[in-house]
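Engineer: Below are the structure tokens for one structure; questions will follow.
Throughout, read-outs are computed from the coordinates displayed, never taken from laboratory work. Here the structure is a predicted model, which means the values were calculated and not measured.
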Amino acid sequence: EGTGPIWLDDVRCQGNESSLLGCPASPWGLTNCQHREDAAVVCAGSRDGGPFQLRLVGGPGRCAGRLEVNHAGQWGTVCDDGWSGTNAAVVCRELSCGMAATVGDLPRGRPRFGPGAGRIWLDDVRCQGQERTLRDCAHRTWGRHDCTHQEDVGVVCQVWDHPPAAMGHPGWPVRAGSRH
């Protein structure tokens, strides 16, 4: 049990907040709690024992290619079962590669950027769109899948080094990084 003031009560986090202070709660310091109701959190590092990394390989640049994720120090691929444009948007945002490009579906069994090798880490990935990282999206247990490397996900992001002139006003100069 703690001592002193109780600052938070009725905290209702959804899971996508960047900190506890982003969660809805009763007004600061307004509580009907006693210290026997104190909450505690024990942090034991990240969920997979290390930092989450992802990359796109086999494409024309860093923002297009076969999606690979690093889990437990080993790179592996992501299966295309349930893959969506929303999932691709989370990947592109996480890699600072702009928006996901609209790419027509390829026939199953023909991965756009070639089949990977080694582990298939993720399957049935389901993002809602607000996630900061692919790791925050729902998915099967790491390493559990019903896929082959013929189903490896490819992602193409839209990166504009020079925005098209159509984005600017006819009388305004358009330069990379310009908001006019």
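Engineer: Over the Cα atoms of region 53-158, what is the Rg over Rh ratio if Rh follows Kirkwood?
Structural biologist: Rounded to two decimals, Rg/Rh equals 0.91.
Engineer: Explain nothing, just the number: relative contact order of region 1-41, from Cα pairs under 8 Å at least 6 residues apart, as a whole percent. Numbers along the way, then the final one.
Structural biologist: Working: 47 pairs, mean separation 20.4, N = 41.
Rounded, it is 50 percent for region 1-41.
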